[in-house]
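Colleague: I have a structure I would like to understand better, so I am pasting it below and will then ask my questions one at a time.
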Amino acid sequence: MAILNPTRAPSGDERTESATLELETPRHRAGRRRPRWVSIPLRFLVPALIVAVWWIGSATGAIPEEILAGPPKVWTAFTELYQTGQLVDFSLASFKRAALGVLLGVTIGLVLGVLSGLSSLGEELIDSTMQINRAIPFLALVPLFIAWFGIDETFKVLLITVATVGPMYAYTYLGVRNVDRKMVEAAQSFGLRGPRLVVEAILPAALPGVLMALRICLSISITGLIAAEQVGTREGIGYLVTLAQEYNRTDYMVLCVVLYALLGLVFDGIVRIIERFAMPWRGQVAIR
């Protein structure tokens, strides 16, 4: 067996092997955040291109006004409704219905998802019923809800509630079930029990799934709002859609679509603000 002499100078092959085994200093993986003056225009680049194509198409006659009103006519309809005060009133009415329905649906879905995710008994009692609820299209419930609750605000809010409770339950259930058991045991060793364990340990760990559910619920609430406001209402964006359809005003129809899109952007902005404060580390994950 050969014995290495520590005093012997390394040969050329040994120096080559030593050079190949040298470790490199790891590079900092987190990229610099893109400047805000660049990031904000990028977010509106694609919508701006769509509006530009729409504007050019309507101005050149490629898109007939009877099919799709151009941006100038939509802007005129906007100013007309704003000056009469109907635009603000209708938008606030729709926002209140959607917000109240989402609040109820998210709360119910969150509580049921936590109970089903934490307890086998809770899963046995709740999960099958919630899966049935998710399988039934909420639009199919519109005639029944009208028969049960009439066409007042209760019907509209409850329809949005039923539409949003399913996604919140499913994502909360999965988020709670995916929480690391070792983390839960560590929290218990520090004395967390009962509601404190859920609020301070389990829900923060399941927060990405919960916030994703909230984003989906807010999107679905727009669909529920459209369906609810088509029946028995005298204010709201859906009522404006009905009037535009009766009088064949494509400018008002497009304006209503824009208002629904803006309502969706408001909801998405709320979720983004919550994510920024609740999960500040997520900004470091994306590859810039």
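The values are calculated or read from the model by the stated rules, or taken from the named source; none is laboratory data. From a predicted model like this one, the values you see are computed outputs, not experimental measurements. Here Cβ is always computed from backbone atoms with ideal geometry, including for glycine, and neighbour counts include all displayed protein chains.
Colleague: Go over the candidates G175, G238, G224 one by one and state the one that is touching a helix residue (DSSP H, G or I) at 6+ places or on another chain (Cβ under 6 Å), under 18 Å from L118 (Cβ atoms) and assigned to a helix (DSSP H, G or I).
Modeller: Going through G175, G238, G224 in turn, the sole match is G175.
Colleague: Among the residues that make up segment 96-109, is at least one of them more than 20 Å from E229 (Cβ to Cβ) and of a type in the set (A, V, I, L, M)?
Modeller: Yes, because at least one residue in segment 96-109 is more than 20 Å from E229 (Cβ to Cβ) and of a type in the set (A, V, I, L, M).
Colleague: Shifting gears a bit: Which of the residues spanning segment 76-101 are among the small types (G, A, S) and under 17 Å from D152 (Cα atoms)?
Modeller: A93, S94, A98, A99, G101
Colleague: Could you pull out the residue among L139, L118, L100, L159 that is touching a residue at least 12 places away in the same chain (Cβ under 8 Å) and closer than 28 Å to V184 by Cα?
Modeller: L118
Colleague: Continuing with this model, one more query. For segment 244-268: of the residues being among the aromatic types (F, W, Y) and either under 16 Å from Y82 (Cα atoms) or in a helix (DSSP H, G or I) (or both), which is modelled with the lowest pLDDT?
Modeller: Only one residue tops the list, namely F267.
Colleague: For residues in segment 26-83 being farther than 22 Å from L265 by Cβ and aliphatic (A, V, I, L, M), which is modelled with the lowest pLDDT?
Modeller: The residue in question is A30.
Colleague: For segment 53-142, give me every one of the helices (runs of 4 or more DSSP H) that falls completely inside it and has 2 or more residues that are in contact with an Asp or Glu (Cβ under 8 Å, 6 or more places away or on another chain) and of a type in the set (S, T, Y).
Modeller: Output list reads 86-118.
Colleague: Is it the case that S116 is surrounded by 20 or more Cβ atoms within 10 Å (Cβ to Cβ), among the polar types (S, T, N, Q) and under 30 Å from E200 (Cβ atoms)?
Modeller: Judged against the criteria, S116 is a match.
Colleague: While we're looking at this one, here's another question. Could you grab me the full set of residues in segment 254-277 that are free of Cβ contacts under 8 Å to residues at least 60 places away in the same chain and farther than 29 Å from A205 by Cα?
Modeller: C256, V257, Y260, A261, L262
Colleague: All but one of (1) on the phi > 0 side of the Ramachandran plot; (2) at pLDDT 85 or above hold for G236; which doesn't?
Modeller: The one condition G236 does not meet is (2).
Colleague: Here's something else I'd like to know. Which one of these is closer than 20 Å to L104 by Cα and in a helix (DSSP H, G or I): V184, V165?
Modeller: Result of the check over V184, V165: V165.
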